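A short write-up of the structure that comes next.
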Amino acid sequence: MTTLAFVFIACGLIVVQQYEDYARFTDCIRKGFNYNAFSGECSVGVQDIK
């Protein structure tokens, strides 16, 4: 039962993290920037990706 509880908690944390990443992505796109999924940063152009 303890293992099952941890699985549900982990799934919940994954869902929350994915929602926050999606929210950052949509905010970045609305502002007209490019979004780098690996660093989670907005940039003006593709060349700005480090």
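Throughout, read-outs are computed from the coordinates displayed, never taken from laboratory work. Here the structure is a predicted model, which means the values were calculated and not measured. Every residue, glycine as well, gets a Cβ built from its backbone with ideal geometry; the counts of neighbours run over all protein chains shown.
Here are a few things to note about the model shown:
- Across the chain: Cys residues that no other cysteine approaches within a C-beta distance under 4.7 Å: Cys11
- Placing pseudo-labels 7 Å out from each Cα toward the beta carbon at Ile29 and Ala10 gives an inter-label distance of 3.0 nm.
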